[in-house]
Amino acid sequence: MNLLMQVSLFSADFVALSEFYRDVFDLPENVGLRSDVFRGYMSGECMIGFSALAAYDMLGLDERKAGEGDQTALTFRFDTKADLDAAIAMAEGRGATLVKPQFTTYYGWYMAVLRDPDGNALRLACPTP
């Protein structure tokens, strides 16, 4: 069985970006993996990794170029609309930008779309009654 174990974001200020996600989504840090080029925070069984730009070279990857468009969007689930709305307020207070305010999707979920302080797309979602 193959399960997603980690999603990684590269950032010039990976510490600040990791703290944004830690604070907005109340994620616990995997302290054993902390280094001068990496922070990892757990979201259930999946870790969200935050790497310094030096990791591109370490992994043999080409650095992402500006203007390529979105290549990923993280989605965080909330149990209630109130919790989701509170997370939006906190995210905006921590430097996120609201791209699409709360709406009901065609499949019946309550969702909002934001950009984190580095411009990465993220969605906040909860099932609607």
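Since every read-out is calculated from the coordinates, none of them should be taken as a lab result. Worth saying up front: this structure is predicted, and the values here are computed from it rather than measured. Note that each Cβ is placed from the backbone with ideal geometry, even for glycine, and that neighbours are counted across all protein chains shown.
Quick notes
- Sequence-distant residues sharing a close amide H with S43 (under 5 Å, placed H): I48
- ³J(HN,Hα) computed for each position of region 17-30 - Karplus, 6.51 cos²θ - 1.76 cosθ + 1.60, integer Hz, glycine/proline x: 5, 5, 5, 4, 5, 4, 6, 5, 10, 6, 9, x, 7, 8
- Whole-angstrom Cα spans of the chain along principal axes, big to small: 46, 34, 33
- Net charge of Cβ neighbours under 11 Å - reference M47; Lys, Arg +1; Asp, Glu -1: -1
- Considering only alpha-carbon pairs that sit under 8 angstrom and 6 or more positions apart, the relative contact order computed for the chain is 22 percent.
- Top of K65, K100, K81 by mean-square fluctuation, Gaussian network on the chain, Cα under 10 Å: K65
- GNM result for the chain, Cα springs below 10 Å: residue of G44, G60, G108 fluctuating most strongly: G60
- Listed values for region 36-51 are Karplus-derived 3J(HN,Hα) couplings in whole Hz (6.51 cos²θ - 1.76 cosθ + 1.60, θ = phi - 60°), namely 6, 10, 8, 9, x, 10, 8, 10, x, 8, 9, 9, 9, x, 10, 10, and x replaces Gly and Pro.
- Alpha carbon centroid spacing (whole Å) that separates region 77-126 from region 29-52: 22 Å
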